[in-house]
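Asker: Structure incoming, see below.
The values are calculated or read from the model by the stated rules, or taken from the named source; none is laboratory data. All values reported here derive from a predicted model rather than from experimental measurement. Positions of Cβ are backbone-derived with ideal geometry, glycine not excepted, and every protein chain shown enters the neighbour counts. Accessible surface is based on the protein model in full, side chains and every heavy atom, while ligands, DNA and RNA are left aside. Shrake-Rupley method; radii C 1.70, N 1.55, O 1.52, S 1.80 Å.
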Amino acid sequence: MDLSYTPEEEEFRARLREWLAKVLPGLPPKPSPDDWPGRRAYDLGWQRMLYDAGYAGLHWPADAGGRGATPTQHLIFLEETEKAGAPYVGANFVGLLHAGPTIAAEGSAGQRARWLPPVLRGEEVWCQGFSEPDAGSDLAALRTRARRDGDDYVVNGSKIWTSHAEVADWCELLVRTDAKAPKHRGISWLAMPMDAPGITVRPLRTLAGSTEFAEMFLDDVRVSVANRVGEENDGWRVTMVTLSFERGTAFVGEVVACRRVLGELAREARKNGRWDDAVLRRRLGRLNAEFRALWRLTQWNVSESERSGGVPGVGGSVFKLRYSRARQDLYDAAADVLGPEALDLDSRWTLDRLSSLSYTIAAGTSQIQRNIVAERILGLPKGR
């Protein structure tokens, strides 16, 4: 693992810092958390600024519309934008972090040309149609069917936890195309237009009061066969590519954010007298070591990604498993530092604490990650 930065990478960092310092003060105010059309416009506006400045899709291949930068440069980009307080990818995180990289890796030349440039230019939003009410952790047990009818698939079923479905233009959709095949071998990966007839979207309100998820019902929705990424019934393999991006690189910027939050907690503890508590100091010190280790693990995963052609490996499951727990521990510590303020329902600390509870479920539960680590990294036999 190479943890050092080359002169070219440091020059890239310096140019990026200069650009961020120039443009961030001029950004408009962020819209209300409940204003999803406004948030979509805000997030896509920022994406267009990145595109115009040459920072969109940094690590995507050049033939996919990206800059062909190294994963290390992408890591620098995530680190510096988070440190500067730049907007997150927001409503377009599925297109930029999951669907787009999957299409870049697995899509045809025509599919790349159709779907990737609008994502990079901030013109189209994607959502994720993977989980179902009876197929969450066991994703391969999905029941949404796609029946071939000429040049279309006719899709029937339902999805849940569909991120940003209410403002999306496209959905990365997993469907069962062969009901008789073993469950991992009868799945296909489709790009479904969200304006197709037969789609019903119902927003879901989370514990924190937000509505970034929705349940989605599909009744005789026609999706062109040309919108299938990969071969028919090979969707599980394509899905593993999607999940490798989701677990391997999508949370990188959040590690930087957690390190920033930890610094804020330490400063607050010094201010309100809690720093005198030796037990609390040790707790914050352990968290500091935890997030430093996670950052090093991120660098290791990036180095592995560079050697494997840009697709993260199963090391992403190690990262995701530990990060999920560390994030919850961080906001548990915040409650000790802040006291009653941490219980204020209007406080960002409270909302972030509630949000942290979802991380041991999102992108594959911790139980699933442990199975992946046990079977694919440690070589242990599969459980019965």
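Asker: So in segment 171-203, with the set limited to residues that are hydroxyl-bearing (Ser, Thr, Tyr) and touching a Ser or Thr at 6+ places or on another chain (Cβ under 7 Å), which one is most open to solvent (accessible area, probe 1.4 Å)?
Answerer: Keep residues of segment 171-203 that are hydroxyl-bearing (Ser, Thr, Tyr), which gives 177, 188, 200.
From what's left, touching a Ser or Thr at 6+ places or on another chain (Cβ under 7 Å): 177, 188.
On the way: Thr177: 29, Ser188: 0 Å².
Filtering first and then ranking leaves Thr177.
Asker: Can you find, within segment 100-139, the residue that is modelled with the lowest pLDDT among those that are within 17 Å of Leu190 (Cβ to Cβ) and open to solvent by 40 Å² or more (accessible area, probe 1.4 Å)?
Answerer: Once the filter is applied, the top-ranked residue is Ala105.
Asker: Could you tell me which residue of segment 31-69 is nearest to Glu123 (Cα to Cα), considering only residues that are within 18 Å of the chain's Cα centre (by Cα) and open to solvent by 40 Å² or more (accessible area, probe 1.4 Å)?
Answerer: Arg40
Asker: Follow-up. Could you please give the count of residues in segment 68-114 that are over 30 Å from Glu231 (Cβ atoms), part of a loop (DSSP other than H, G, I, E, B) and among the β-branched types (Val, Ile, Thr)?
Answerer: Number satisfying all stated conditions: 1.
Asker: Right, next: Return the total of residues in segment 140-162 being open to solvent by 10 Å² or more (accessible area, probe 1.4 Å) and either outside the structural domain of Ala191 (by TED's automatic domain parsing) or closer than 26 Å to Gly122 by Cβ (or both).
Answerer: The number of residues fulfilling the criteria is 1.
Asker: Modelled with pLDDT of 65 or more, open to solvent by 40 Å² or more (accessible area, probe 1.4 Å) and over 27 Å from Val241 (Cα atoms) - does that describe any residue in segment 320-332?
Answerer: yes
Asker: Still on this structure, please answer the following. Can you name every residue in segment 204-239 that is open to solvent by 40 Å² or more (accessible area, probe 1.4 Å), modelled with pLDDT under 90 and assigned to a strand (DSSP E or B)?
Answerer: Phe213
Asker: In segment 175-203, what residues are modelled with pLDDT of 95 or more and among the hydrophobic types (A, V, I, L, M, F, W, C)?
Answerer: Listed by number, the residues that qualify are Val175, Ile187, Trp189, Leu190, Ala191, Met192, Met194, Ala196, Ile199, Val201.
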